[in-house]
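**Student:** Take a look at the following structure, please.
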Amino acid sequence: MVYPIVKLGNPVLEREADDVTEFDTPALQMFIEDMFESMYAAKGVGLAATQIGVSQKIAVIDVSNGEKPEEKLVLINPTIVKVEGRQTGEEGCLSIPGFREQVRRGKRVTIRAQNIKGEEFEMTGEDLLARAFQHETDHLYGRLYFTHISTLKREVMRRKIKKLQREGDWE
Ligand code: NI
């Protein structure tokens with residue numbers, strides 16, 4: 001099932017999601033399949049559960065855009081444990097469509113997370129994967145990428161979005 005993507009303005013995006021405490025259930029398996037389906041339908045490389053209105057610490061990532069099944073990643077209750085180096089690049093978010101900004105992130109990032117069975121693992125990613133780890137983990141703590149740009153730029157974005165909302169172009 002493809003879920004609609006929740007947009008900026010919905011409070012679920014700006015609060016910390018709940019920890020996942022039940023693992024290895026058919027409901028969780030189904031939900032994660034739906035998250036991948038929703039992410040591919042929206043042409044994203046990552047999706048957090050909060051973006052489909054579910055306040056649970058679950059994210060899916062596939063930086064291969066569905067080209068390589070082995071690159072499908074499920075992160076449950078993820079935390080960033082190490083950040084090395086810096087990269088600056090353009091970043092967008094399915095919940096803030098039509099906007100992109102230069103965002104500074106770590107170049108090499110290690111996360112600790114649980115898999116669908118609840119087993120803990122650590123993984124290190126570089127470049128786009130490192131960016132996705134940070135972007136999706138941020139989502140699960142209620143932080144959107146524009147918290148990493150200047151206040152001025154963020155206010156400009158918020159004003160433009162408010163205008164779109166008034167005009168009914170932001171559902
Ligand atoms: Ni996002």
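**Student:** Report those strands (runs of 3 or more DSSP E) wholly inside region 90-171 carrying at least 1 residues which are among the hydroxyl-bearing types (Ser, Thr, Tyr).
**Tutor:** 108-114, 120-126
**Student:** On to the next question. Of the conditions (1) part of a strand (DSSP E or B); (2) more than 21 Å from PHE121 (Cα to Cα), LYS82 fails just one. Which one is it?
**Tutor:** Condition not satisfied by LYS82: (2).
**Student:** Sticking with this one: Yes or no: GLU101 open to solvent by 30 Å² or more (accessible area, probe 1.4 Å) and out of contact with any helix residue (DSSP H, G or I) (no Cβ under 7 Å at 6 or more places or on another chain)?
**Tutor:** Answer is no for this residue.
**Student:** Name every residue in region 106-136 that is among the charged types (D, E, K, R) and more than 16 Å from the ligand (Cβ to nearest atom), in order of residue number.
**Tutor:** Answer for region 106-136, where residues must be among the charged types (D, E, K, R) and more than 16 Å from the ligand (Cβ to nearest atom): LYS107, ARG108, ARG112, LYS117, GLU119, GLU120, GLU122, GLU126, ASP127.
**Student:** Look through ARG154, ARG86, ARG100 and report the one residue that is touching a Gly at 6+ places or on another chain (Cβ under 7 Å), without any contact (Cβ under 8 Å) to a residue 24 or more places away in the chain and within 16 Å of the ligand (Cβ to nearest atom).
**Tutor:** ARG100
**Student:** What do you reckon, is VAL74 within 16 Å of the ligand (Cβ to nearest atom), on the phi < 0 side of the Ramachandran plot and not polar (S, T, N, Q)?
**Tutor:** no
**Student:** Of SER38, SER64, SER95, which residue is open to solvent by less than 20 Å² (accessible area, probe 1.4 Å) and in contact (Cβ under 8 Å) with a residue 60 or more places away in the chain?
**Tutor:** SER95
**Student:** Would you mention how many residues in region 13-35 are within 13 Å of the ligand (Cβ to nearest atom) and surrounded by fewer than 21 Cβ atoms within 10 Å (Cβ to Cβ)?
**Tutor:** 1
**Student:** Looking at ILE161, ILE149, which one is open to solvent by less than 70 Å² (accessible area, probe 1.4 Å), farther than 17 Å from LEU47 by Cα and touching a residue at least 60 places away in the same chain (Cβ under 8 Å)?
**Tutor:** ILE161 is the lone residue from the list that is open to solvent by less than 70 Å² (accessible area, probe 1.4 Å), farther than 17 Å from LEU47 by Cα and touching a residue at least 60 places away in the same chain (Cβ under 8 Å).
**Student:** Suppose we keep only residues that are open to solvent by 10 Å² or more (accessible area, probe 1.4 Å) and touching an Asp or Glu at 6+ places or on another chain (Cβ under 9 Å) within region 47-61. Which one would you say is nearest to the ligand (Cβ to nearest atom)?
**Tutor:** ILE52
**Student:** Could you go through region 79-86 and let me know if any residue there is exposed (fewer than 13 other Cβ atoms within 10 Å of the Cβ), more than 12 Å from the chain's Cα centre (by Cα), acidic (Asp, Glu) and closer than 15 Å to GLY9 by Cα.
**Tutor:** No: region 79-86 contains no residue that is exposed (fewer than 13 other Cβ atoms within 10 Å of the Cβ), more than 12 Å from the chain's Cα centre (by Cα), acidic (Asp, Glu) and closer than 15 Å to GLY9 by Cα.
The values are calculated or read from the model by the stated rules, or taken from the named source; none is laboratory data. What you are looking at is a predicted structure, and each value in this text was computed from that prediction instead of being measured. Ideal geometry is used to build each Cβ from the backbone, glycine not excepted, and the neighbour counts take in all protein chains shown. To get the accessible areas, we keep the full protein, side chains included, count just its heavy atoms, and leave off ligands, DNA and RNA. Shrake-Rupley method; radii C 1.70, N 1.55, O 1.52, S 1.80 Å.
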